[in-house]
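Heads up, the thing below is written out as C-alpha cells.
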C-alpha cells in the first residue's frame, strides 16, 4: 500500500515538474516570437510601449521587449501615386480652366505620418488643389500653356513645403492637362485665325517688297551694264580717234585724205553691186572722189 502511495506521489511530482518545464518553454517561445521582428525592405514598423511611441523599426531583424512593446503600425515606404484629380482655377486674366494633376510621394518618417495626419492621400490631394489654384491665379492663360514645366516645378516645391511636417517626400507633381470651356476655345480659335491671316498678309507684303527690290536691282544692274558698254565704246572710239590723229601726225594729211576717198569708193561700189533693177544716184563730187582716190593711190605707189 505504501509503495502505491509513493508511486503516485512520484508521478505527481514528475508531472508537476514537466508542466513547469513545458510552461517555461512555451513562455520562451512566445517571448522570442513577440520580441523578434523581421521587417521587409519596403516597410517600416512603428513600435509603441503602453500607447506611447517607442521606436521605428527599419528593414531587417529587430528586437523589442516582449509584452511591453507592440508593433502598432506597419507603414509602406514605397512610392505612391494619388488618383488623378481635376480642379477648376481662374487665371490672372480671368479665364476659367480645368487642371488635371497627378502627384507621386513616399513616406520617409512614418512616426510623423502616423501621429500627425489621419488620411494622408486626402490631405495631400486637398493641399495640391489649393496650391494649383493659387499658382494658376498668378499667371495668364498663355503663360499657363507655355510654361508648364516651370508651373509643375513651382507646384512641387509648394507641396513639399506644405507636407514636410507629415514626414512625406513629394517625388513628382505632374500637370496632365489644361482644359478650357467651349466659349474660350472658340474665342482662342478666332484669335488664332486672325493671327494666321495677319502673318499671311505680312508674308505677302514682304514678298511683294522683295520682288520690287529685286526688280529695281535688276534695272540698276542693266543700267550699269549699259553705261559700262557705252563707256567701253566711247573709250574705243576715243582710242581710234587718237590712232587716226597719230597717223595723221606721222604720215601727213595725204594719208587721211586717201582713207576718206577710199571709203567713199567702197561705199559707191556696194551701192552699185545691188541685185535687180535700180537707180543709182551719185553725188556731184563722186567722180572727183574717184579721181582723188586714184591720184592718192598713185602717189602712195611711187
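Computed from the coordinates by the stated procedures, all read-outs in this text should not be read as laboratory data. Given the structure is predicted, the values throughout are model-derived calculations rather than measurements. Every residue, glycine among them, receives a Cβ derived from its backbone with ideal geometry; neighbour counts consider all protein chains shown.
Could you identify the single residue in 144, 132, 170, 120 that is within 27 Å of the chain's Cα centre (by Cα), crowded, with 16+ Cβ neighbours inside 10 Å and under 30 Å from residue 71 (Cα atoms)?
Answer to the check: 170.
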**Asked** So which helices (runs of 4 or more DSSP H) stay within region 97-158 end to end and still have 3 or more residues that are within 13 Å of residue 82 (Cβ to Cβ) and in contact with a strand residue (DSSP E or B) (Cβ under 7 Å, 6 or more places away or on another chain)?
**Response** 120-136
**Item:** Subset tally (residues that are more than 17 Å from residue 84 (Cβ to Cβ) and either part of a strand (DSSP E or B) or touching a strand residue (DSSP E or B) at 6+ places or on another chain (Cβ under 9 Å) (or both)) for region 163-181
**Value:** 7
**Message:** Give me the strands (runs of 3 or more DSSP E) completely within region 19-81, filtered to those with at least 1 residues that are out of contact with any strand residue (DSSP E or B) (no Cβ under 9 Å at 6 or more places or on another chain), ordered by residue number.
**Reply:** 52-57
